[in-house]
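Structure, as structure tokens:
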Amino acid sequence: MSEPTVLSATFDILRAHGMRTVFGNPGSNELPFLAGLPEDFDYVLGLHEGVVTGMADGYSQATGLPVLVSLHAASGSGNAMGALTNAHYAHSPLVVLAGQQVRDTVGQEVMLSNVDAALLPRPLVKHAHEPLAASDVPRAVSHAVLEATTQPRGPVYLSVPYDDWSASARTDDTALVGRTVRGADGPSADLITELAARLDAAVSPVLVLGPDVDVERAQAPAVILAERLGAPVWVAPSPSRCPFPTTHPHFRGQLPTGRNSLRERLEGHDLIVVIGAPVFRYHRYEEGRYLPEGARLLHLTQDPGEATRAPVGEAVVTPIGATLAALADAVGDRGDRLEPLAAPEIRRVDGAMTGEEILEVLNEQVTDRVTYVNETTTLDTIFIERVHMDRPDMYHFPASGGLGFGLPAAVGVALARPDDVVVATVGDGSANYGLSALWTAAQRNTRTVFVIVNNGTYGALRGFAKALDALDAPGLDVPGIDFVSLAHGYGVPASTVTTQDEFREAYAAALAAGGPVLIDARVVL
Ligand code: TZD
Ligand code: CA
């Protein structure tokens, strides 16, 4: 066997962490790394770094594993920054490996030097580094992966000069392969007893659940907790995942993103228990108080940053899954069960299709092998309220609101779950930020149904323009985009539909297809 090199030691570490699927877009600096890629690794090429990173984000969310992203120097990293905002707020453990020029030429700023590499991706990564010597690269790779996967999880960044890869590895680098990092203990018996007593003492508790409940696969204990408390359940604003079955009778919907409208929904409750979400991820600015009169807020999160920056409430930093499971057991059963809300009216317009009618068809044709990726900014709130999702891990939305996640993440989820169908409902505006993911979908023949919810405009911005008295703003419409031709250009079969019946038929065929299909669904705003 040949002497271990920095490169071979790196692949051993990646393999030990289950990181054999690499998403990338290459350049000269990365070629020495890529040329050594072992046969059991799979390099998934994306044509733009935002798409590469979005695919990796989807793949990581669907597998729960850290994922290596190979990017080209500063320019490739720069292109990935928008997608990194989503990975950051989704707590996705992406390990971004950026290729650097030859170590001793970076100071001269030769072409494709990544000057001040560790500074570049801040503040979107929790850790950024460029090792000071080739011999430190394997340790730095191990460090980066452990940092990404330790709570709060999130993307990290490592810049490696390309002449480092062929250097000899240190003998004790082999020990890096077995390293793990665990948090301190889970929730203590004392903590659970104290929290359960607070919940039992509340007259009218309400649960507000966030994406980390879904990340931790803790929907089942959340259901038990809600039932035993007789408590309604809301999804915290701007959710990137769906933490509670939307078909459950206690489900009340998604909290709005403005202070006043949110507070009004929680009126009448004396204890608001927020689990696995920030308090709160507001979007629309409304001057007003955070909580209803007399209400207390208890915040259970595993992100110390979420805990420290919240404007109200009492926070406990604790693992969400274990805490929910213990609390579900510990609280008393009040015997109160809630009636489900009445089904909402579906808006219909003569001779045209509405977005709500699209969601209706998703419900008609749902199977237990569907995952949704949604990036329709006018349907974002009602998607969770209306679409029947009775399984965990069934819904993704860009976690920071940074568009360009939908199409790439759908491809990433589909690559991670080849037996499922991923349905990506994406606005006609949003689609353009990640369009070239269609190419990877075609090349990999992923089972993805891309539904372009096409209203010809940046619909959400029209709503904001009204609220902000900025209706004269230019650049709000996006007419003249031929998605069918674009899809064909990337190798994806596509058609246009203009009525709900046409959509119903096209959608059924797309679900049954063995590969990617795009439906350009024309809707009225
Ligand atoms: N650029 C990026 C990367 N992210 C963003 N969030 C925006 C711009 C701003 N933006 C929004 O926040 S919503 C939106 C934009 C441009 C309109 C999206 O239009 P759409 O969806 O066609 O995808 P709707 O349903 O018509 O709103
Ligand atoms: Ca639109």
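The values are calculated or read from the model by the stated rules, or taken from the named source; none is laboratory data. Keep in mind that this is a model prediction, so the values were computed, not measured. Please note: Cβ atoms are built from the backbone with ideal geometry, for glycine as well, and neighbour counts cover all protein chains shown.
Is at least one residue of segment 342-355 at pLDDT 95 or above and under 19 Å from the mean Cα position of the chain (by Cα)?
So far as segment 342-355 goes, no, none of its residues is at pLDDT 95 or above and under 19 Å from the mean Cα position of the chain (by Cα).
Only residues that are assigned to a loop (DSSP other than H, G, I, E, B) and away from ligand 2 (no atom under 16 Å from the Cβ): list them for segment 510-525, please.
The initial filter retains those residues of segment 510-525 that are assigned to a loop (DSSP other than H, G, I, E, B), namely 513-516, 523, 525.
Once the filter is applied, which keeps residues that are assigned to a loop (DSSP other than H, G, I, E, B) and away from ligand 2 (no atom under 16 Å from the Cβ), segment 510-525 yields Ala513, Gly514, Gly515, Pro516.
Which residues, counting only those in segment 468-481, are away from ligand 2 (no atom under 15 Å from the Cβ) and not hydrophobic (A, V, I, L, M, F, W, C)?
Taking segment 468-481 first, the residues away from ligand 2 (no atom under 15 Å from the Cβ) are 468-474.
Those that are away from ligand 2 (no atom under 15 Å from the Cβ) and not hydrophobic (A, V, I, L, M, F, W, C): Asp469, Asp472, Pro474.
Would you check which residues across segment 357-379 are among the charged types (D, E, K, R) and crowded, with 20+ Cβ neighbours inside 10 Å and list them? Give the steps one after another, and end with the answer.
Just the residues of segment 357-379 that are among the charged types (D, E, K, R), to begin with: 357, 360, 364, 368-369, 375.
Across segment 357-379, the qualifying residues are Glu357, Glu375.
Kindly check whether there is at least one residue in segment 373-389 that is more than 14 Å from ligand 2 (Cβ to nearest atom) and farther than 24 Å from Leu341 by Cα.
Yes - at least one qualifying residue is present in segment 373-389.
Are there any strands (runs of 3 or more DSSP E) wholly within segment 104-211 with 2 or more residues that are touching a residue at least 24 places away in the same chain (Cβ under 8 Å) and closer than 30 Å to Val223 by Cα, and if so which?
Values: elements: 127-129, 156-161, 205-209.
Here the list reads 205-209.
Every residue in segment 437-466 that is of a type outside the set (Gly, Ala, Ser), more than 16 Å from ligand 2 (Cβ to nearest atom) and not in a loop (DSSP other than H, G, I, E, B), please.
Step one: list which residues in segment 437-466 are of a type outside the set (Gly, Ala, Ser), which gives 438-440, 443-455, 457-458, 461-462, 464, 466.
From the residues that got through so far, the ones that are more than 16 Å from ligand 2 (Cβ to nearest atom) too are 438-440, 443-449.
Listed by number, the residues that qualify are Leu438, Trp439, Thr440, Gln443, Arg444, Thr448, Val449.
I'm trying to understand the selection: among the residues of segment 472-506, which are outside any loop (DSSP other than H, G, I, E, B), within 15 Å of ligand 1 (Cβ to nearest atom) and not hydrophobic (A, V, I, L, M, F, W, C)? I'd like the intermediate steps shown before the answer.
Residues of segment 472-506 outside any loop (DSSP other than H, G, I, E, B): 477, 483-490, 494-497, 500-506.
Subset that is within 15 Å of ligand 1 (Cβ to nearest atom): 477, 483, 486.
Once the filter is applied, which keeps residues that are outside any loop (DSSP other than H, G, I, E, B), within 15 Å of ligand 1 (Cβ to nearest atom) and not hydrophobic (A, V, I, L, M, F, W, C), segment 472-506 yields only Asp477.
What residue, of Asp428, Asp393, is surrounded by fewer than 24 Cβ atoms within 10 Å (Cβ to Cβ), touching a helix residue (DSSP H, G or I) at 6+ places or on another chain (Cβ under 9 Å) and either in the same structural domain as Tyr59 (by TED's automatic domain parsing) or on the phi > 0 side of the Ramachandran plot (or both)? Steps first, answer last, please.
Working: Asp428 fails: either in the same structural domain as Tyr59 (by TED's automatic domain parsing) or on the phi > 0 side of the Ramachandran plot (or both).
The conditions single out Asp393.
Would you mind telling me which numbered condition in (1) within 22 Å of Ala133 (Cβ to Cβ); (2) modelled with pLDDT under 95 Gly27 fails?
(1)
Among the residues of segment 152-185, count how many are modelled with pLDDT under 85 and more than 14 Å from Val6 (Cβ to Cβ).
9
So that you can scan it fast, the table gives a plain yes or no per residue for (1) at pLDDT 95 or above; (2) more than 16 Å from Ala201 (Cα to Cα); (3) crowded, with 19+ Cβ neighbours inside 10 Å:
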residue: Phe280; (1), (2), (3): no, yes, yes
residue: Tyr285; (1), (2), (3): no, yes, no
residue: Arg296; (1), (2), (3): no, no, no
residue: Asp303; (1), (2), (3): no, yes, yes
residue: Ala307; (1), (2), (3): no, yes, yes
residue: Ala315; (1), (2), (3): no, yes, yes
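Identify, from the list Leu324, Leu300, the residue that is assigned to a helix (DSSP H, G or I), within 24 Å of the chain's Cα centre (by Cα) and either among the hydroxyl-bearing types (Ser, Thr, Tyr) or not assigned by TED's automatic domain parsing to the domain that holds Thr378 (or both).
Leu324
Which of the residues belonging to segment 247-262 are of a type in the set (D, E, K, R) and closer than 26 Å to Pro221 by Cα?
Quick first cut of segment 247-262, residues of a type in the set (D, E, K, R) only: 252, 259.
Across segment 247-262, the qualifying residue is only Arg252.
Looking at Asp469, Asp419, which is the one that is part of a loop (DSSP other than H, G, I, E, B), touching a residue at least 12 places away in the same chain (Cβ under 8 Å) and among the charged types (D, E, K, R)?
Working: Asp469 fails: touching a residue at least 12 places away in the same chain (Cβ under 8 Å).
None of the other options fit; the residue is Asp419.
Specify the residue that is farthest from ligand 1 (Cβ to nearest atom); the eligible residues are those in segment 417-453 that are of a type in the set (Ser, Thr, Tyr) and more than 15 Å from His396 (Cα to Cα). Show your work before the answer.
So in segment 417-453, the residues of a type in the set (Ser, Thr, Tyr) come out as 425, 430, 433, 436, 440, 446, 448.
Now restrict to residues that are more than 15 Å from His396 (Cα to Cα): 433, 436, 440, 446.
On the way: Tyr433: 5, Ser436: 15, Thr440: 19, Thr446: 21 Å.
Filtering first and then ranking leaves Thr446.
Suppose we filter segment 374-416 for residues that are within 16 Å of ligand 1 (Cβ to nearest atom), of a type in the set (Ser, Thr, Tyr) and not in a loop (DSSP other than H, G, I, E, B); how many remain?
1
In segment 75-84, how many residues are in contact with a Leu (Cβ under 7 Å, 6 or more places away or on another chain) and buried (at least 21 other Cβ atoms within 10 Å of the Cβ)?
Applying the first criterion (in contact with a Leu (Cβ under 7 Å, 6 or more places away or on another chain)) to segment 75-84 yields 77, 80-81, 84.
Subsequent filtering for residues that are buried (at least 21 other Cβ atoms within 10 Å of the Cβ) retains 77, 80, 84.
Qualifying residue count, segment 75-84: 3.
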